[in-house]
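Report on one structure; see the data block that follows.
Coordinate-derived values only; no laboratory data. Remember, predicted model here, so these are calculated numbers, not experimental data. Here the Cβ positions follow ideal geometry from the backbone for every residue, glycine too, while neighbour counts run over all protein chains shown.
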Amino acid sequence: MLVYKFGGMALKDADRMRALLPILKRQKNEKLVLLVSAMGKMTNAFERLHASYRSNDKSKDIQFQAIKKYHFDIIAKLFEEGHPVFDLVNTCFENVLSTLKKYHNEAYDFSYDQTVSYGELLSSLIVSEFLADQGIENCRLDASELLVTNEKYRDARINWNLTKEKIASKLLPEIDNSNLIITQGFIGGTHSGIRTTIGREGSDFSAAIFAHFLDAKELTVWKDVPGILNADPKKLPKARQLNHLSYHETVELAYYGASVIHPRTLQPLKAKRIPLYIRSFLNPEQVSLIDDNNQSDGDIASFIIKENQILFTIASRDFSFIDAEKLTGILKLFSVNHFHIRLIQNSALNFSLVADENPLQLDELLAQLQEDYSVKYNRNLSLLTVRHLQDSKVSDLFKDTEVLLEMHSRMTQQFVLSSETLASFMTELNDLV
């Protein structure tokens, strides 16, 4: 049993879709569960469409038609005229429009999940029909009937016991009849059958859950990059590939913002010692392996840059301590408002943290915090995290520069600077890679 996950860039156009065929045909004698993401950048497009319908933006109909045209342009290049897929995709878009109109006044997170999940549903429909048309028989299943979650929309948590039961009762019988099962990443469903999503970039985590419950031989995540690198090559061109990493080091890199793998992906794999391969669908021989083997590249210095960060400094108005109870309340507000925290620093009277930008809910978060605290914040920042470079090279680099926040531990150095300032040091950082 193998589990594959293809990201959006592997499905962004007709040529990329055709490139999947030789990869899948090589596994024709293996049982395979294939998870897909939304095509290209369609998750972003559906997010904008959802927001536009909620605000009754005058461009909402234009956005809807653009998304529809994108999908129809792809299938027009993959299928003969008159193929049933055209009616199936059209019906799916009728459901999108009906969902937008039905739920646009509901709670934001709830209506988001009902709308944005159509990116994966459309992608899996088209992939399934295309493979069948090419002679690769398959069975398509709805992940919302397999991954059971709670009702925390946009960031749902898995009910592991019920998910195990659903996979056993709904997926395993289909595997007996078909060598290839196609389903969606990112999507789950409540016990009552309402669609949820498990957080942005959550498709990797979905794939790991399926691999865990199916006792898969391995999980392969197919991307448009040659495995895991020690830096983003678009920013630092001297980035090197990390060929072999431990589960532990990969979790650390993902936690600090390395974008290749979702941070929750590793736990279900490590529990059953299932190896994870990160492969390039452009060149399948380029691969990074993640497993329990101690022979790894984990001590190579890694440089992680997260842009669009906000630094919050929160203080009590009455000169009282920021104690454990207050910290718990503050962090809960960030969680409820979907701010992903990257760095935390605490003192007696101040509490500082760095989080990803979330402009849709920033005003709401600030209003809630300011009920009890004085709040200052800086936007348009970058967070540089350096792993396994325990000398003073990076600190010396910034010694005459305004660093808004700095933290050091045994293995990790972190620096918060304005994005403009960090951009001016890219040449010097590239020399350290």
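Numbers below:
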quantity: Helix 14-25 vs. the chain, principal-axis angle (Cα, 0 to 90°, nearest 10); calculated: 80
quantity: Cleavage-rule hits (trypsin sites (Lys or Arg not before Pro)) in region 357-405: DSSP loop, at most 12 neighbouring Cβ within 10 angstrom; calculated: LYS399
quantity: DSSP bridge orientation in the chain - percent antiparallel, rounded to nearest 5; calculated: 60
quantity: Whole-Hz couplings from phi, Karplus 6.51/-1.76/1.60, listed for region 337-353; x for Gly and Pro; calculated: 8, 6, 9, 7, 7, 10, 7, 9, 9, 10, 9, 4, 10, 10, 9, 10, 8
quantity: Interchain or long-range residues, amide H under 5 Å from LEU229's placed H; calculated: LEU242
quantity: Neighbour-count ranking [beta-carbon atoms within 10 angstrom, fewest first] of SER117, SER280; calculated: SER280, SER117
quantity: Normalised per residue, the volume of the convex hull around the Cα set of the chain (Å³); calculated: 159
quantity: Global form of region 83-178, assessed from the alpha-carbon gyration tensor, a/c cut-off 1.5; calculated: oblate
quantity: Cα shape, region 300-433, gyration tensor, a/c 1.5 rule; calculated: prolate
quantity: About the Cα centre, charge dipole magnitude for region 2-224 (Lys/Arg +1, Asp/Glu -1 at Cβ), debye; calculated: 420
quantity: Magnitude of the charge dipole, the chain, Cβ model with Lys/Arg +1 and Asp/Glu -1, debye to 20; calculated: 420
quantity: Gain upon complete extension [GLU307, PHE319; 0.36 nm per residue less C-alpha separation]; calculated: 1.0 nm
quantity: Highest-fluctuation residue, ILE62, ILE274, ILE330 considered, GNM on the chain with Cα pairs under 10 Å; calculated: ILE62
quantity: Three principal axis lengths of region 289-339 [C-alpha, angstrom, descending]; calculated: 53, 25, 22
quantity: Cα long-axis angle, helix 118-133 against the chain (0 to 90 degrees, to the nearest 10); calculated: 40
quantity: FRET efficiency, 1/(1 + (r/R0)^6) with R0 56 Å, evaluated for ASP400 and ILE194 via beta carbons; calculated: 0.55
quantity: Cα shape, region 150-290, gyration tensor, a/c 1.5 rule; calculated: prolate
quantity: Test item: Cα-centred dipole of region 92-220, Lys/Arg +1 and Asp/Glu -1 on Cβ, debye; calculated: 360
quantity: Separation of the ASP299 and ASN283 label points, Cα + 7 Å toward Cβ, nm; calculated: 2.8
quantity: Distance between region 116-133 and region 324-373 - C-alpha centres, whole angstrom; calculated: 38
quantity: Rounded to 10°, Cα long-axis angle of helix 203-213 versus longest principal axis of the chain; calculated: 70
quantity: Value of [θ]222 nm, deg cm²/dmol, for the chain, DSSP H segments ≥ 4, -39500 (n - 2.57) each, nearest 500; calculated: -11500 deg cm²/dmol
quantity: Surrounding net charge for THR401, when Lys and Arg each add one and Asp and Glu each subtract one, Cβ distance under 15 Å; calculated: -4
quantity: DSSP-defined beta bridges in region 124-265 - what % are antiparallel, rounded to 5; calculated: 60
quantity: Exposure proxy ranking, count of Cβ atoms within 10 Å, fewest first, for ARG48, ARG16; calculated: ARG48, ARG16
quantity: Debye log10 I(q)/I(0) for region 339-386, one point scatterer per Cα, at q = 0.25 Å⁻¹; calculated: -1.17
quantity: Whole-Hz ³J(HN,Hα) from phi, Karplus 6.51 cos²θ - 1.76 cosθ + 1.60, for region 67-77, glycine and proline x; calculated: 5, 4, 4, 4, 5, 5, 4, 5, 5, 5, 8
quantity: Cα→Cβ-extended label distance, 7 Å offset, between GLU151 and SER59, nm; calculated: 3.5
quantity: Under 17 Å from the SER259 label point (7 Å along Cα→beta-carbon), backbone N, region 1-28; calculated: 7-12
quantity: Spin-label model distance (nm) - GLN390 vs ALA107, 7 Å beyond Cα toward Cβ; calculated: 4.6
quantity: Cβ-based charge dipole, the chain, positive-most Cα from PHE425, LEU276, LEU88; calculated: LEU88
quantity: Exposed-loop-free span, longest in the chain, where GluC sites (Glu not before Pro) count as exposed if DSSP calls them loop and at most 14 other C-beta atoms lie within 10 Å; calculated: 152-284
